[in-house]
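Here is the structure we will look at.
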Amino acid sequence: MAYGDGQCGFLTIMGLAKFKTVPKIVAVGQNYLLHAKEMGAKSIPKNPILFLKAPTSVVIPPEPVKVPSGVVAHYEVELGLVISRMGKNIPKSKVTDHIEGFFCGIDVTARNLQLEAKSAGSPWSVAKGFDTFLPVSEQLPLDKAKDLNDLNLYLKVDGEMKQQDSTKNMIHSVEDLVSYISSVMTLQPGDLILTGM
């Protein structure tokens, strides 16, 4: 998939080098009702569906996404969060104290491999973890957004609108996600969270 003149969300993709090395990337699946239905969900998940992407999946455009032979690549524009400090069992009221900034990310998936893994009851790590399967924008400070739970996101590829939605349509809010994820695993400075599509 050539990147072309890709635009993600509110800004043109132009990453910062600091994203090249991150401790971990925690991603959320099926966090928008419409997408959950598209993916065959029969009900709204009570807790967020979490998966990890490899730190080497981060790519800073104009470096291209490299799709391996035989892979059918799909992409989803997502709000990303950068964690500022270590936290475990973070209360929802303290979540913004742990967010350094936000960015736009594109979660690239080897959809054919994901469907094979799902049908076999296997994890989808391979489908999500290829190198370059996470193009990221520059990081913006929190004060650039009035409300992370009310941001319009879009993805254009070579000028053509591919996706458009708002974070107000998330099933689990930013506060819910960070609090829940930190109840499962300790969040560290530099961790990235993809809030799902």
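Per-structure values
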| quantity | calculated |
| --- | --- |
| Residue, nearest to Val28 (Cα to Cα), within segment 151-176, restricted to residues that are hydroxyl-bearing (Ser, Thr, Tyr) and not in a strand (DSSP E or B) | Ser173 |
| Top-ranked residue of segment 139-158 - restricted to ones that are in contact with a helix residue (DSSP H, G or I) (Cβ under 9 Å, 6 or more places away or on another chain) and buried (at least 16 other Cβ atoms within 10 Å of the Cβ), ranked as modelled with the lowest pLDDT | Gln139 |
| Out of Ala41, Ala27, Ala36, sole residue that is open to solvent by 10 Å² or more (accessible area, probe 1.4 Å), closer than 21 Å to Asp176 by Cβ and either modelled with pLDDT under 80 or in a strand (DSSP E or B) (or both) | Ala41 |
| Sole exception among (1) open to solvent by 60 Å² or more (accessible area, probe 1.4 Å); (2) acidic (Asp, Glu); (3) at pLDDT below 95; (4) within 27 Å of Pro141 (Cβ to Cβ) for Glu76, by number | (1) |
| The listed residue being of a type outside the set (Lys, Arg) and in contact with a Phe, Trp or Tyr (Cβ under 7 Å, 6 or more places away or on another chain), out of Val95, Val108 | Val108 |
| Set Ala110, Ala120: member being aliphatic (A, V, I, L, M), out of contact with any His (no Cβ under 7 Å at 6 or more places or on another chain), farther than 20 Å from Asp191 by Cα and open to solvent by less than 60 Å² (accessible area, probe 1.4 Å) | Ala110 |
| Flag if Gln163 is within 15 Å of the chain's Cα centre (by Cα), more than 30 Å from Gly70 (Cα to Cα) and not basic (Lys, Arg) | no |
| Given (1) farther than 20 Å from Phe51 by Cβ; (2) open to solvent by 70 Å² or more (accessible area, probe 1.4 Å), index of the condition Ser125 fails | (1) |
| Given (1) farther than 23 Å from Lys46 by Cα; (2) open to solvent by less than 40 Å² (accessible area, probe 1.4 Å); (3) in contact (Cβ under 8 Å) with a residue 24 or more places away in the chain, index of the condition Phe130 fails | (2) |
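The values are calculated or read from the model by the stated rules, or taken from the named source; none is laboratory data. Keep in mind that what you see is a predicted model, and the values were worked out from it rather than measured. With ideal geometry, Cβ positions are generated from the backbone for all residues, glycine too; neighbour counts draw on all protein chains shown. For the accessible areas, the whole protein counts, side chains as well, though only heavy atoms, and no ligand, DNA or RNA atoms are used. Shrake-Rupley method; radii C 1.70, N 1.55, O 1.52, S 1.80 Å.
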